[in-house]
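Structure record follows, encoded as structure tokens.
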Amino acid sequence: MLSGDAKSDDAAIVFTYHRFGENAYPSTNIRLEQFERHLDYLQENNFIVWPLSKIVRHILQGEHIPQKTVALTMDDAYASIYANAYPMLKKKKFPFTVFVSTLPVDNASKSYMTWNQMRETQSNGAEFANHSISHDFLLPRDDEGEYEWKKRLKNEIQGAQRRLQKELGSSTNENPKLFSYPFGEYSLQTAEFIQSMGYVGVTQTSGPMSAQSDAKTLPRFPMSEAFGDMDGFSLKLRTTPLPMASASPLEPLTALNNPPTLTIKLKRPMKKLQCYLGDGEKLPLIWISETEVRVQAKEPLLSPRDRYTCTATAEGGRWYWYSHLWIIK
């Protein structure tokens with residue numbers, strides 16, 4: 001049960017970035033003029049920018065999230081966060097959350113922030129969270145038993161947490177403990193193990209973050225050059241959770257059943273629902289009832305990953321949004 005004034009459709013929009021002004025990496029980069037327009041838009045339209053930890057605490061505690069609440073997150077702790085994004089964020093006095101893979105930082109890679117830079121940014125709105133030691137794939141390897149797999153994950157996550165707290169303070173990433181999956185990949189087994197270690201799992205699967213989100217796999221909207229135009233940015237800011245009773249299967253891994261079938265049960269009829277592949281291809285829908293629909297691509301999905309995204313128009317120029325990750329083995 002939610003407490004206080006919280007509602008099941010309370011939601012925040014969380015964006016994730018990687019590189020800033022690194023034009024050699026267009027799939028993970030945002031151009032600086034794009035990012036500047038994003039920040040200007042948030043300020044000019046009176047959005048509330050919170051650190052991600054505050055949003056997650058509100059969700060976990062059933063507290064009301066104000067409308068127009070946004071979080072800005074960055075994965076990997078690339079050097080361009082400090083060099084290019086941080087000055088813009090500091091000027092706006094916007095908080096932000098960086099998920100750190102600690103090994104390249106400890107190895108003094110010039111491509112990554114330094115611990116000193118992180119300490120500097122902490123005093124100007126930055127918080128830091130766990131992205132593992134080495135940014136390795138966390139799914140079980142073919143030659144790895146369950147014991148070896150769990151030991152590897154514990155080493156990756158607990159080791160990164162120790163480094164964060166030694167360098168940035170003992171309270172770093174403690175309330176709550178946040179973990180961003182490397183490459184945005186997880187299995188149901190991985191997500192449950194992460195939760196058993198006391199962490200909230202954060203993905204790169206698009207959608208508003210809300211009280212109905214799974215705390216093992218909280219969604220964020222990935223931002224890059226291709227998706228960083230203002231039309232797409234402002235549309236994502238107008239999304240609200242698709243009113244769903246359930247979605248199955250929960251397991252994103254798909255091997256034998258490709259293309260996979262997604263079954264969505266809605267809380268109420270929604271005739272204008274449409275679903276799409278990651279490249280924008282429209283997917284056929286098979287309605288089982290007024291509130292239950294089956295979604296399946298026409299052709300097998302391509303490795304390594306794809307998603308089904310379902311949307312529908314909502315009141316006030318908003319969009320219902322739900323995205324489901326598939327990992328193709």
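The values are calculated or read from the model by the stated rules, or taken from the named source; none is laboratory data. The shown structure was predicted, so the numbers you read here are calculated from the model rather than taken from an experiment. Note that each Cβ is placed from the backbone with ideal geometry, even for glycine, and that neighbours are counted across all protein chains shown.
Of note:
- Sole exception among (1) hydroxyl-bearing (Ser, Thr, Tyr); (2) in contact with a strand residue (DSSP E or B) (Cβ under 9 Å, 6 or more places away or on another chain); (3) surrounded by fewer than 16 Cβ atoms within 10 Å (Cβ to Cβ) for Ser171, by number: (2)
- Any chance Thr239 is farther than 30 Å from Gly21 by Cβ and not acidic (Asp, Glu): no
- Only one entry in Glu290, Glu251 is in contact (Cβ under 8 Å) with a residue 60 or more places away in the chain and either surrounded by fewer than 20 Cβ atoms within 10 Å (Cβ to Cβ) or not in a strand (DSSP E or B) (or both), namely Glu251.
- Ala77 being crowded, with 19+ Cβ neighbours inside 10 Å, closer than 24 Å to Pro182 by Cα and touching a strand residue (DSSP E or B) at 6+ places or on another chain (Cβ under 9 Å): yes
- Hits in segment 207-220 - residues which are surrounded by fewer than 24 Cβ atoms within 10 Å (Cβ to Cβ) and over 13 Å from Leu178 (Cα atoms): Ser210, Ala211, Gln212, Ser213, Asp214
- Taking segment 293-317 as the range and being under 18 Å from Gln212 (Cα atoms) and not in a strand (DSSP E or B) as the test, only Ala314 passes.
- Matching entry among Ile65, Ile59 (being touching a residue at least 40 places away in the same chain (Cβ under 8 Å), in the same structural domain as Lys177 (by TED's automatic domain parsing) and assigned to a loop (DSSP other than H, G, I, E, B)): Ile65
- Hits in segment 305-322 (condition: more than 24 Å from Pro182 (Cα to Cα), charged (D, E, K, R) and free of Cβ contacts under 8 Å to residues at least 60 places away in the same chain): Glu315
- Here Cys275 clears all of (1) part of a loop (DSSP other than H, G, I, E, B); (2) closer than 30 Å to Leu39 by Cα except the condition numbered (1).
- Residue in segment 118-134 that is in the same structural domain as Gln43 (by TED's automatic domain parsing), under 21 Å from the mean Cα position of the chain (by Cα), modelled with pLDDT of 95 or more and among the hydroxyl-bearing types (Ser, Thr, Tyr) present: yes
- Per-region count, segment 102-122, residues crowded, with 18+ Cβ neighbours inside 10 Å and within 17 Å of Asp136 (Cβ to Cβ): 5
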